[in-house]
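Working notes, beginning with the structure itself.
The values are calculated or read from the model by the stated rules, or taken from the named source; none is laboratory data. As the structure is a computational prediction, the values presented were derived from the model and not from experiment. Because the Cβ atoms are built from the backbone with ideal geometry, glycine has one as well, and the counts that use them run over all protein chains shown.
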Amino acid sequence: MVRIFKIPLLVAIITFAWTNVHSQTQVPIKQLLETATKNYPTILAAEAQKEASGERVKSTRRTIIPDINASAQANYSTYNNLTGMFYPEYILPVSGPPSTENLNNMVWGSAAGLLMKWEPYTFGRRGNEIKAAESTYEAGVAMKSLTLLEHNVQLSSTYLDYLLALQILDVLESDRKRAEANYEQAVSLATSGLVSGVDTARFHTELSKTKIKILQQQNILHEYKATLSELVAADLPENLVDSTFFRILPQLLGDTEMIHPREQLAIAEWKTSQFQYKAEKLSWLPTLSVLGTAYGRGSGVQLSNNGTTFVDNPSDGFNINRFNYGIGVQLAIPLTQISRYQTQWKAKELEAEADKQKLEEVRLALNKQKSVADNTLITALAIAGETPVQFQDARYAYEAIQSQYQAGLITFTELIEARNELVTAEIELRRSYWEAWKALLYVAAINGNLEIFLNQL
């Protein structure tokens, strides 16, 4: 008797039937994920943003290096001059010796110089700015991880949807064969006068309905393939079949110690705002600078032998023949800016507090979602353990009712109902496996570690 078969044996038979249709080489989901990681624009953009934040860290660290600017120029200008040295951040149009009177004549002149400015000590501002930049880089790393996780979860979920749609198509194809057998049986019985000819028409209608369902399911498969191609950002392999998800069930998991990328991002943003606040709070302190300069000048005018008149020598204007240098220390105190700085660092303090509360919100949400995800997986596994029983009973009932219809003991309606119940039970069996893997994927997503899902394949 059919009913005395053990469930494990039944599942093995069903599994063989499922995999027999799609015995081609399987394409692991890891291959699709690897391709998407290399090609998908959003992932590549997140990687670029991470690298950019890393470069900003390097730039901030290099603020300890003195600023040295070099300049050179040639000019044609007036030569009204006074004696005295200057620190040329910009080369001034000076040329020639001090003038005895106000002159408007123009001569050629040249200059070249170096200006050095160095802040050797910043009272802690630079250290906090560097830490803020480093925290920004950590945020970039977390954002890259979060982007990759979210995309891979979406891709994995869509791939599972595609596989389920393919399984449902298999069920419908099997149902089409049953519908054809029912129709042929009805034609034979009607010819023998055992059933009404109306049954033949009704069975033919049921066959047509099944064919329509198959066409609709094929369209669904096409849509999933198009979505997968978009998510992978590349052409798909010809074979996407993987029956693994419908042969075995995932296992329950223990606790994971991994911090979710979303929490990592919130932590990094909070750290960044804290260091920015500390740096801003030190902005009212003095600025200590070391200044230095070295420059040379050439002039197209010279004093005459009597020392009273100027002589224009244009070629001498391009010959730098006078050199000067100097060094100094500057302590700048922002006396009138303290009140403005106070409002600025107060704003940074409030921003840091806001980021702290956002972090707490993320942690609360993740803890809740982890609890829901774990319970969802437990429930899905329990359901998947019961669906083989329903399928067994539905198949037994259909086979018995089909025999009774052939003997003329039951009506068309009862046979159709039994066949529909068998189709529903078979779809639910496969869907229960799919839901279990979906639940595991949900657990992996909430824990921030897709390997929880992939390692069970």
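Flag not set for ALA365, criterion: farther than 30 Å from TRP284 by Cα, surrounded by 12 or more Cβ atoms within 10 Å (Cβ to Cβ) and touching an Asp or Glu at 6+ places or on another chain (Cβ under 6 Å).
Residue-by-condition table, conditions (1) touching a residue at least 40 places away in the same chain (Cβ under 8 Å); (2) under 20 Å from SER243 (Cβ atoms):
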residue	(1), (2)
ALA397	no, no
GLN406	yes, no
LEU415	yes, no
ARG419	yes, no
ARG430	yes, yes
TYR433	yes, yes
TYR442	yes, no
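So, LYS368, is that one at pLDDT 95 or above, more than 30 Å from ARG247 (Cα to Cα) and in contact with a Phe, Trp or Tyr (Cβ under 7 Å, 6 or more places away or on another chain) or not? So LYS368 does not fit the description; no. Within the option set GLU173, GLU138, being modelled with pLDDT of 95 or more, assigned to a helix (DSSP H, G or I), surrounded by fewer than 19 Cβ atoms within 10 Å (Cβ to Cβ) and in the same structural domain as PHE203 (by TED's automatic domain parsing) holds for one residue only, GLU173.
Can you name the residue in region 240-263 that is assigned to a loop (DSSP other than H, G, I, E, B) and over 27 Å from the mean Cα position of the chain (by Cα) and, of all such residues, is farthest from LEU359 (Cα to Cα)? Looking at the filtered set, the residue picked out is ARG247.
Just one of the numbered conditions (1) outside any helix (DSSP H, G or I); (2) over 30 Å from ASN324 (Cα atoms); (3) at pLDDT 90 or above is not true of PHE123: (3). Scanning region 58-75 for residues that are among the small types (Gly, Ala, Ser) and touching a Pro at 6+ places or on another chain (Cβ under 8 Å) yields one hit, SER71. Among the residues examined, ILE401 qualifies as more than 39 Å from the chain's Cα centre (by Cα) and outside any loop (DSSP other than H, G, I, E, B). In this entry, GLU150 passes the filter for residues that are under 18 Å from VAL443 (Cβ atoms), assigned by TED's automatic domain parsing to the domain that holds LEU440 and either surrounded by fewer than 18 Cβ atoms within 10 Å (Cβ to Cβ) or free of Cβ contacts under 8 Å to residues at least 60 places away in the same chain (or both). Every condition in (1) in contact (Cβ under 8 Å) with a residue 60 or more places away in the chain; (2) farther than 30 Å from ALA268 by Cβ; (3) among the polar types (S, T, N, Q) is met by ASN375 except one, and the failing one is (1).
What about LEU160, is it closer than 30 Å to GLU34 by Cα and either of a type in the set (Asp, Glu) or touching a Phe, Trp or Tyr at 6+ places or on another chain (Cβ under 7 Å) (or both)? So that I can check it myself, show each step before the final result.
Working: closer than 30 Å to GLU34 by Cα: yes; either of a type in the set (Asp, Glu) or touching a Phe, Trp or Tyr at 6+ places or on another chain (Cβ under 7 Å) (or both): yes.
Yes, satisfied.
Checking the stated criteria, GLU386 turns out not to satisfy the condition of being closer than 19 Å to ARG176 by Cα and surrounded by fewer than 20 Cβ atoms within 10 Å (Cβ to Cβ). Picking from residues in region 164-185 that are under 43 Å from the mean Cα position of the chain (by Cα) and of a type in the set (D, E, K, R), the one that is nearest to ARG431 (Cα to Cα) is ASP170. Scan region 330-347 for residues that are in contact with a Ser or Thr (Cβ under 7 Å, 6 or more places away or on another chain) and assigned to a strand (DSSP E or B) and the total you get is 2. Could you check, for region 282-300, whether at least one of its residues is part of a helix (DSSP H, G or I) and either surrounded by 16 or more Cβ atoms within 10 Å (Cβ to Cβ) or in contact with a His (Cβ under 7 Å, 6 or more places away or on another chain) (or both)? No, region 282-300 contains no residue that is part of a helix (DSSP H, G or I) and either surrounded by 16 or more Cβ atoms within 10 Å (Cβ to Cβ) or in contact with a His (Cβ under 7 Å, 6 or more places away or on another chain) (or both).
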